[in-house]
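Novice: Sharing a structure below in structure tokens format, with a few things to ask.
The values are calculated or read from the model by the stated rules, or taken from the named source; none is laboratory data. Please read these numbers as outputs of a predicted model, since none were measured by experiment. No Cβ is skipped: glycine too gets one built from the backbone with ideal geometry, and neighbour counts run over all protein chains shown. Keep in mind that these areas ignore ligands, DNA and RNA; they rest on the heavy atoms of the full protein, side chains included. Shrake-Rupley method; radii C 1.70, N 1.55, O 1.52, S 1.80 Å.
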Amino acid sequence: MIRKPEPMEETVQVKINGMTLAFNDRGTGLPIVFLHAFPLNRTMWAMQEDALSSQFRVITIDLRGHGESDAPLWHYSLDQAADDVHGLLDYLSIRQAVFVGLSMGGYILFAFHRKFADRVNGMVLADTRAQADTDEGKQARFEMAQIAYKRGARAIADIMIPKLLSPATIQMRPELVQYVRTMIEGNQVSGIAGDLMAMAERPDSIPLLRRITCPAQIIVGELDLPTPPSDATLMADRISNAHLVIIPGAAHLSNLEQPDLFNKTVGSFVANITR
Ligand code: MLT
């Protein structure tokens, strides 16, 4: 059962890089910063926040373009998102943190590591990939942006839900499907299109993998189609200090479909870093 999102409960909004960003900051201990997927928001981490904030300081952010953060009709890039995260860490006086990035959150984590490696003391790369988009992939982003402009966030939810969740979840867990739909439909079209542009322009992160020396946990749902287990294996093979966990029965949003195993994996990983 998913906790009902209560967005205002512990929300703080702050101006970072000229942009209003919304975030939650819960618990004490080693900070874990969660970076959400496209086109969702920080409430995708509600179950991680509940499970892990008794042990750690859990920070979840609405990245620019999403949720309760600003979504200007302007140029977006993943480097800019990384700068926002960096600004928030400074605002919270957090020197180092463990980062969890799922899918687009993982792309932003690569961008963050390229710029601010000394702020990262561990990374969880979940249901993501190091490769840049192919030409066909970029074209598909452009077409999805056109759909967003013409038909709105609801049409994006119709397209994305079958990519994000397993067929069994879609059939048997209507409340989870609705939870994901509500996140997607709550976004402004400017943010959806902006992120599609940012993802299309992201660089290849494969050369970065060998330069990552902090502990890394790779997680992937066994049924993940957008970023399948082969992408996770590629990252695990090239990052020197990485471990891979494949989550049975989960697709792309493994943290929502199998929260217990996801939380256990992240919790043990972070607990080992604190030792
Ligand atoms: C995501 O879940 O963030 C997206 O599927 C990433 C992507 O479209 O590459």
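Novice: Does L125 count as within 10 Å of the chain's Cα centre (by Cα), over 21 Å from G186 (Cα atoms), part of a helix (DSSP H, G or I) and touching a residue at least 12 places away in the same chain (Cβ under 8 Å)? Steps first, please.
Specialist: Working: within 10 Å of the chain's Cα centre (by Cα): yes; over 21 Å from G186 (Cα atoms): yes; part of a helix (DSSP H, G or I): no; touching a residue at least 12 places away in the same chain (Cβ under 8 Å): yes.
No: the conditions fail for L125.
Novice: Follow-up question, since we're still on this one. Just need a number here: residues in the stretch 90-112 that are of a type in the set (G, A, S), closer than 23 Å to L165 by Cα and open to solvent by less than 10 Å² (accessible area, probe 1.4 Å). So that I can check it myself, show each step before the final result.
Specialist: Of the stretch 90-112, the ones of a type in the set (G, A, S) are 93, 97, 101, 103, 105-106, 111.
Pick out the ones that are also closer than 23 Å to L165 by Cα and you get 101, 103, 105-106.
Now restrict to residues that are open to solvent by less than 10 Å² (accessible area, probe 1.4 Å): 101, 105-106.
Looking only at that region, the number is 3.
Novice: Between I247, I218, which is within 16 Å of the chain's Cα centre (by Cα) and open to solvent by less than 10 Å² (accessible area, probe 1.4 Å)?
Specialist: Numbers: I247 fails: within 16 Å of the chain's Cα centre (by Cα).
None of the others qualify; the one that does is I218.
Novice: When both residues are 6+ apart or on different chains and their Cβ atoms are under 7 Å apart, which pairs have a first residue that lies in the stretch 194-205 and is under 15 Å from I147 (Cβ atoms), and a second that is within 12 Å of the ligand (Cβ to nearest atom) and open to solvent by 70 Å² or more (accessible area, probe 1.4 Å)?
Specialist: Listed pairs, sorted by first residue: A200/K138.
Novice: If you scan the stretch 29-47, which residues turn out to be under 13 Å from F99 (Cβ atoms) and either modelled with pLDDT under 95 or not in a loop (DSSP other than H, G, I, E, B) (or both)? Walk me through how you get there before you give the answer.
Specialist: Step one: list which residues in the stretch 29-47 are under 13 Å from F99 (Cβ atoms), which gives 30-36, 45.
If the condition is that a residue be under 13 Å from F99 (Cβ atoms) and either modelled with pLDDT under 95 or not in a loop (DSSP other than H, G, I, E, B) (or both), then P31, I32, V33, F34, L35, W45 are the ones that fit.
Novice: If we scan the stretch 191-206, do we find a residue that is more than 15 Å from the chain's Cα centre (by Cα), assigned to a helix (DSSP H, G or I) and more than 16 Å from I108 (Cα to Cα)?
Specialist: yes
Novice: On the basis of being surrounded by fewer than 16 Cβ atoms within 10 Å (Cβ to Cβ), in a helix (DSSP H, G or I), of a type in the set (D, E, K, R) and within 16 Å of the ligand (Cβ to nearest atom), does E143 make the cut? Spell out how you get there, then give the answer.
Specialist: Details: surrounded by fewer than 16 Cβ atoms within 10 Å (Cβ to Cβ): yes; in a helix (DSSP H, G or I): yes; of a type in the set (D, E, K, R): yes; within 16 Å of the ligand (Cβ to nearest atom): yes.
When the stated conditions are applied, E143 passes them.
Novice: Exactly one condition in (1) in contact (Cβ under 8 Å) with a residue 40 or more places away in the chain; (2) over 22 Å from L73 (Cβ atoms); (3) away from the ligand (no atom under 15 Å from the Cβ) is not met by R119; state its number.
Specialist: With (1) in contact (Cβ under 8 Å) with a residue 40 or more places away in the chain; (2) over 22 Å from L73 (Cβ atoms); (3) away from the ligand (no atom under 15 Å from the Cβ) applied to R119, the lone miss is (1).
Novice: Those residues that are free of Cβ contacts under 8 Å to residues at least 60 places away in the same chain and at positive phi, I need them from the stretch 83-115; list them, please.
Specialist: S93, the sole residue that qualifies.
Novice: If you check every pair at least six apart or on different chains, which have Cβ atoms under 6 Å apart with a residue in the stretch 166-186 that is in contact (Cβ under 8 Å) with a residue 60 or more places away in the chain first and a residue that is among the charged types (D, E, K, R) second?
Specialist: Partner pairs satisfying both residue conditions: T169/E257.
Novice: List, please: which pairs have Cβ atoms under 9 Å, are six or more places apart or on different chains, and start with a residue in the stretch 23-43 that is under 16 Å from Q55 (Cα atoms) and end with one that is basic (K, R) and within 16 Å of the ligand (Cβ to nearest atom)?
Specialist: N24/R42; F34/R42
Novice: Can you tell me which of S166, S240 is over 23 Å from S77 (Cα atoms) and crowded, with 22+ Cβ neighbours inside 10 Å? Break it down into steps so the answer makes sense when it comes.
Specialist: Working: S240 fails: crowded, with 22+ Cβ neighbours inside 10 Å.
Selected residue: S166, the only one of S166, S240 that is over 23 Å from S77 (Cα atoms) and crowded, with 22+ Cβ neighbours inside 10 Å.
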